[in-house]
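The values are calculated or read from the model by the stated rules, or taken from the named source; none is laboratory data. All values reported here derive from a predicted model rather than from experimental measurement. Every residue, glycine among them, receives a Cβ derived from its backbone with ideal geometry; neighbour counts consider all protein chains shown.
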Amino acid sequence: MTHAVEHPSPHPPASLGQRLPLGPVMVDLAGLELDAQERERLLHPMVGGVILFKRNYDNPTQLAALCSEIHALRSPHLLIGVDQEGGRVQRFREGFTPIPAMGAIGEIWDSQPQRARRVARDTGYILGAELRAVGVDFSFAPVLDLDYGTSGVIGNRAFHRNAQAVSELAHALALGLQEAGMNAVGKHFPGHGHVAADSHLTVPVDERGLRDLEFADLLPFRQLIDLGLAGIMPAHVIYPRVDERPAGFSRRWLSDILRGQLGFEGVVFSDDLTMEGASVAGGIHERAQAALQAGCDMVLVCNRPDLVDQLLARLHHPLPAMSLIRLARMHGRPHPPSRTDLHESKRYVAALRQLDGVGQADASLAFHDPTNTCGKSG
């Protein structure tokens with residue numbers, strides 16, 4: 001995974017779309033196509049991206065048309081992201097390859113680490129190539145949390161308990177994503193796997209100090225940052241021995257540690273600001289301001305269009321040039337020309353063979369897409 005390089009967008013520069021810089025807010029949609037109110041919302045100067053959910057998907061043709069319409073609205077085009085991790089967190093299923101939970105790849109690591117790396121890379125390639133073929137720019141993946149066996153919301157979304165295994169498998173998956181024309185977003189900084197509480201429902205607290213985190217949970221983030229990780233999502237978790245605020249609202253975590261000590265140069269995406277773990281920051285405007293002032297480049301507001309409109313009516317936060325450069329790197333790169341070309345390519349067929357049978361039972365499970373959070377996807 002090398003540092004991101006600018007590539008031409010797979011979408012034309014939207015001659016009919018508005019020339020408008022990206023804003024700092026990522027929003028969601030109600031259904032399978034845009035309505036008039038959503039088109040108007042997506043043209044707001046504070047909007048910079050769209051996150052898609054299961055409710056926005058019927059089939060690949062419909063999804064490609066939706067992405068194309070979103071991209072055509074503005075130039076540079078709005079970012080389109082999704083939580084397509086695999087296992088129980090896979091928004092698009094029918095018409096897409098079932099992706100195994102990352103924990104299934106971690107199980108292979110225990111006896112066959114070289115094969116696990118290959119499976120992780122091929123998983124990233126399939127995941128990324130299928131999303132790029134319909135116009136999605138990136139997935140919020142991989143999970144870099146450690147699986148301590150205590151967090152139900154993380155669980156087998158994590159690769160492994162061992163930090164080095166997580167680092168190497170996540171790097172391999174990110175290389176596969178990059179090969180497919182997509183950058184990776186690591187989550188949930190600085191590590192969500194040690195706490196049992198679910199930040200969708202409450203405010204988790206991790207009592208460990210910074211030194212403990214540095215020798216465990218922070219290691220995968222540090223290693224992938226050194227390898228050019230393009231995006232990071234912080235956790236709505238409080239680490240009181242480091243800062244009294246959740247990591248996603250903490251200048252100590254985002255500016256001093258993530259950017260300062262670890263040297264991260266990519267995009268910081270907030271987790272969903274409607275989650276209970278974000279409630280300590282106040283109302284929606286206060287939450288967004290706190291996240292942006294702490295060091296986030298883009299904030300997510302999911303499943304509450306009323307709160308999106310409240311935020312857009314009050315927020316005035318033109319993105320600085322450096323944030324715009326970071327976000328530009330998240331635009332998907334051209335690959336492949338079409339789903340037909342992808343399915344006929346030797347690389348894709350070979351990758352499918354590698355995944356055959358890996359975590360099959362888990363990957364085929366239906367996953368409930370919650371309506372009041374960004375899902376169990378971070």
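Scanning region 131-161 for residues that are farther than 15 Å from Ser338 by Cα, among the small types (Gly, Ala, Ser) and part of a loop (DSSP other than H, G, I, E, B) yields Ala141, Gly149, Ser151, Gly152, Ala158. If only residues of region 89-103 that are of a type in the set (Gly, Ala, Ser) and under 20 Å from the mean Cα position of the chain (by Cα) are counted, the one that is nearest to Thr340 (Cα to Cα) is Ala101. For region 114-130, indicate whether the set of residues that are more than 26 Å from Ser338 (Cα to Cα), part of a helix (DSSP H, G or I) and of a type in the set (A, V, I, L, M) is non-empty. Yes, because at least one residue in region 114-130 is more than 26 Å from Ser338 (Cα to Cα), part of a helix (DSSP H, G or I) and of a type in the set (A, V, I, L, M). Do we have any residue at all in region 109-119 that's in contact with a strand residue (DSSP E or B) (Cβ under 9 Å, 6 or more places away or on another chain) and either of a type in the set (D, E, K, R) or touching a residue at least 60 places away in the same chain (Cβ under 8 Å) (or both)? No: zero hits.
When Thr373, Thr340 are checked against the criterion of being outside any loop (DSSP other than H, G, I, E, B) and modelled with pLDDT under 95, a single residue qualifies: Thr340.
Among the strands (runs of 3 or more DSSP E) confined to region 166-246, the ones with at least 1 residues that are in contact (Cβ under 8 Å) with a residue 12 or more places away in the chain, touching a Gly at 6+ places or on another chain (Cβ under 7 Å) and among the hydrophobic types (A, V, I, L, M, F, W, C) are located at 185-189, 231-234.
As a summary of the residue check, Glu94 satisfies the conditions (1) buried (at least 18 other Cβ atoms within 10 Å of the Cβ); (2) part of a loop (DSSP other than H, G, I, E, B); (3) out of contact with any strand residue (DSSP E or B) (no Cβ under 8 Å at 6 or more places or on another chain) except for the one numbered (1). Is it the case that region 303-321 has a residue that's in the same structural domain as Val203 (by TED's automatic domain parsing), outside any helix (DSSP H, G or I) and either crowded, with 24+ Cβ neighbours inside 10 Å or among the hydrophobic types (A, V, I, L, M, F, W, C) (or both)? So far as region 303-321 goes, no, none of its residues is in the same structural domain as Val203 (by TED's automatic domain parsing), outside any helix (DSSP H, G or I) and either crowded, with 24+ Cβ neighbours inside 10 Å or among the hydrophobic types (A, V, I, L, M, F, W, C) (or both).
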